[in-house]
Amino acid sequence: MTLNNISIQNSTIGAINTGNVKTIDVAIGNLGRQGESEAAEALKAFTEAVIVNLQIQTNTKNEVLEQISFLTEQMTTPKEQRRPATIKSVFDGIGKSVVTVTSLVSLWEKVHPLLNHVLQNT
């Protein structure tokens, strides 16, 4: 699978929803072009860490990737059409999904406020 930003090993491709990963990959590129390079790098690092993590089950990985994909889609939605209550629930859901994996928690704690900033200010 060819992506511009996210690195995925071939052995992982069959286990994850590649459509969500492609959506996230496009968003990373868009963030970089909008001058949000710190958010782009943090999102890339978190997404790749979720994909390769062996401590969370495949269905949980796909749930988290779907939630991240939703957030990135909201970034391109006009601000007045965004769904703030759903965005808040998705942020909470991702945090709960990764809470048992220390390496993911630390990455999530970095990317969460950056994505929230983008969603509030773009």
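Where a number appears in this text, it was derived from the coordinates with a stated rule and is not lab data. The structure displayed is predicted, hence computed values, not measured ones. Ideal geometry is used to build each Cβ from the backbone, glycine not excepted, and the neighbour counts take in all protein chains shown.
Selection of first residues in segment 30-43 that are touching a residue at least 60 places away in the same chain (Cβ under 8 Å) and of second residues that are of a type in the set (D, E, K, R), restricted to Cβ pairs under 7 Å at least 6 apart or on distinct chains, gives the following pairs, ordered by first then second residue: Ala42/Lys110.
Among the residues of segment 68-85, write down those that are part of a helix (DSSP H, G or I) and either touching a residue at least 12 places away in the same chain (Cβ under 8 Å) or of a type in the set (Phe, Trp, Tyr) (or both).
Listed by number, the residues that qualify are Ile68, Ser69, Phe70, Leu71, Thr72, Glu73, Gln74, Met75, Thr76, Lys79.
Only one of Leu107, Leu114, Leu65 is of a type in the set (A, V, I, L, M, F, W, C), closer than 25 Å to Gly29 by Cβ, buried (at least 18 other Cβ atoms within 10 Å of the Cβ) and without any contact (Cβ under 8 Å) to a residue 60 or more places away in the chain. Can you tell me which?
Details: Leu107 fails: without any contact (Cβ under 8 Å) to a residue 60 or more places away in the chain; Leu114 fails: without any contact (Cβ under 8 Å) to a residue 60 or more places away in the chain.
Step by step, each of Leu107, Leu114, Leu65 is checked, and only Leu65 is of a type in the set (A, V, I, L, M, F, W, C), closer than 25 Å to Gly29 by Cβ, buried (at least 18 other Cβ atoms within 10 Å of the Cβ) and without any contact (Cβ under 8 Å) to a residue 60 or more places away in the chain.
Could you tell me which residue of segment 17-40 is farthest from Val118 (Cα to Cα), considering only residues that are part of a helix (DSSP H, G or I) and of a type in the set (D, E, K, R)? Restricting to residues being part of a helix (DSSP H, G or I) and of a type in the set (D, E, K, R), the top hit is Lys22.
Taken over segment 87-103, residues that are farther than 17 Å from Ser69 by Cβ and either among the polar types (S, T, N, Q) or touching a residue at least 24 places away in the same chain (Cβ under 8 Å) (or both) amount to 4.
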